[in-house]
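The values are calculated or read from the model by the stated rules, or taken from the named source; none is laboratory data. Since the structure is predicted, the reported quantities are computational estimates derived from the model, not experimental observations. Neighbour counts are summed over all protein chains in view; Cβ atoms, including those assigned to glycine, are modelled from backbone coordinates with ideal geometry.
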Amino acid sequence: MPEEKAAEEGAQAAAAGTATEAAPAASEPAAASAAAGSAAPAPPLPPRVVYGAGPDASVPDVKARAASVSGPLPERPLSPHGRSASVASSPRGSLRQALQTIRAQDLQQEAALLAHASAAEDAYWIKQEERYQQCLRRAQVGATSARDLHHYLKKTSKLLSGVADALTGLGSFGVSGETGTMRVACMSNDIVRKSTASYLGELNARVFAESLQRAHDVAEAADTLLSNIESAGNDALKHLKTQRKAAQDAWQNYIVQAQERHALERRGQPLKQDPYLLCRAYELEVFSLRTSEVKFQQLMASLLRDLEAQEAKRLANMKATLLDNLQAQKAVLEHSVKFTDNALVTVQAIDPPKDVQDFTTQADLYLPPQASPRASDAAAAAAASVAAAGVQSAADSTALSAHAQTGKAADALASATPVVAFLAPPPARDPNALARVYAHEIEKEGSLFRQGSVFKSNWKPCHAVVTASGFLHLFSDKSKNRVHSSLSLADCVISNAEAQHGPLALQVTQQAKGGLFSSPNTLYFKADNADELAEWVVIMQRHGSQEAEPAAAAAPEGNNQQA
């Protein structure tokens, strides 16, 4: 019958809204499991439920509920012509209103149940996202720690290599120059330096290089795991959030359309769109959501297993790397301590007085000790004086014996003191060697008086030297080394000047070198006595020019120049 068919369709539509409770309710065990923190395996994909396909234990019998409210249906329907007028007052009209009321109540109840289930699911998936974020942070910590360890070992290897190079470049000290115990200590220190540099180079090439490569591999594996967890997890989480939003929107569309249908039915207006289609769309979205949830759970479980395996491997490798690194450092320190202890022993054994004595002995800086001649001479003089005076009494003999013992003690004291080689007298020199040299170079030297250049009456004493080379050198004093003036006697005319300047005067005239305005240079001297004057004149004339110029003797005094 048409009314029964319409009632059955309405009941099936209401059952579709009620049956949606089964899909959200399926997540409640999972939420409880998540809240308890259990690590249950991911559930399989849920089977697709086709709502409205027939009576089911989970779908309430809306038709029976409506019949119990409005009473049993009549045996046969009203005629088509009288249906619209009598449907409201007929038993079937009461059934329709009862169905509408029950459907609205069930829909409202389903909406409340779904909102509660959705809140529980939201809490569950928020917790799942937090667990994923914790895994991601752990992967980030592992990658950062592995990279930091690699950088640390890299810097350590570079530092040790630099230390080895620096120790090699330091060089040694005191090995070639020092002597005695100081040389032994310097050699021990050099052995510590060389052995430490060699040991550091060997460990750096053998242990630290291997540890560095292992740390590099661990860092790369940690970075790869972090990249996989971050990319796969974020994509899956984003897709899951999108699916949940789509399912919520589909359910909200169905609720709005069902409320609009209820309002139209109350006003007796026809429906423009069947809510069943929106309910079916919501069913498809829920099925896709459940599929995405299961895939997300399986992916998270797989990433967790990868994270656990990688973290165990990373920690084991980092442990082995740190052990190798610290053991190598300990070996370096023990090696250094061992050789340093040996060097300390040699340094503590340094004997400065012995080293100084060895140095002075090897360098022959002290002569063998000799008896002091001063003490021996004093003892001998005392013994001679006592013997000359005669020994008159035992007291005199005792005095002589004590005096002799004193002399022996003085000799022993003098002999115990070595003589500084620098204070030893040099070989004897010939005191007449320089005089013999001068005898070949000097023909005449002595004192002369030279006429002043300004005051002609002022005669200044000077020391004059005539050399075998024919030069006359004038000094202000015999002890002075600086020459006041020098003349080549080969260019000079020497003559007696007593007629012009009084007794004991001689004249040395240096001939002009040429030129229109040149004039001869004349010097006047006086000797100490007549013999000295004659000797000076003879010796100078021997080297001087033999031609006497008349103009030289009559030269005006204004033209006289001092050399």
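Side notes on the structure shown:
- Of the residues contained in segment 230-247, one or more are found to be assigned by TED's automatic domain parsing to the domain that holds Q140, buried (at least 18 other Cβ atoms within 10 Å of the Cβ) and under 30 Å from H151 (Cβ atoms).
- K272 passes every criterion in (1) in a helix (DSSP H, G or I); (2) modelled with pLDDT under 85 apart from (1).
- Taken as a whole, segment 124-138 holds no residue that is under 30 Å from A205 (Cβ atoms) and touching a residue at least 24 places away in the same chain (Cβ under 8 Å).
- Exactly one residue among E293, E260 is charged (D, E, K, R) and either touching a Ser or Thr at 6+ places or on another chain (Cβ under 9 Å) or modelled with pLDDT of 90 or more (or both), and that residue is E293.
- Any hit, segment 305-318, residues being assigned by TED's automatic domain parsing to the domain that holds V184, under 30 Å from D190 (Cα atoms) and either at pLDDT 90 or above or surrounded by 13 or more Cβ atoms within 10 Å (Cβ to Cβ) (or both): no
So that you can scan it fast, the table gives a plain yes or no per residue for (1) of a type in the set (K, R); (2) outside the structural domain of S545 (by TED's automatic domain parsing); (3) touching a residue at least 40 places away in the same chain (Cβ under 8 Å); (4) touching a strand residue (DSSP E or B) at 6+ places or on another chain (Cβ under 9 Å):
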site	(1), (2), (3), (4)
C462	no, no, no, yes
H473	no, no, no, yes
D477	no, no, no, yes
K480	yes, no, no, yes
D491	no, no, yes, yes
F525	no, no, yes, yes
A530	no, no, no, no
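- Taken together, the residues in segment 130-183 that are of a type outside the set (A, V, I, L, M, F, W, C) and not in a helix (DSSP H, G or I) amount to 7.
- Residues considered: Q298, Q257. Of these, the only one that is over 29 Å from E129 (Cα atoms), assigned by TED's automatic domain parsing to the domain that holds L114, part of a helix (DSSP H, G or I) and of a type outside the set (G, A, S) is Q257.
- Hits in segment 347-363 - residues which are surrounded by 13 or more Cβ atoms within 10 Å (Cβ to Cβ) and of a type outside the set (A, V, I, L, M): K354, D355, Q357, D358, F359, T360
- Every residue from segment 252-283 that is β-branched (V, I, T) and either crowded, with 17+ Cβ neighbours inside 10 Å or under 18 Å from I102 (Cβ atoms) (or both): I255
- Looking across A115, A98, A120, one residue alone is surrounded by fewer than 16 Cβ atoms within 10 Å (Cβ to Cβ) and assigned to a helix (DSSP H, G or I). It is A115.
- In segment 146-198, of all residues being within 21 Å of L326 (Cβ to Cβ) and charged (D, E, K, R), the one that is farthest from the chain's Cα centre (by Cα) corresponds to R147.
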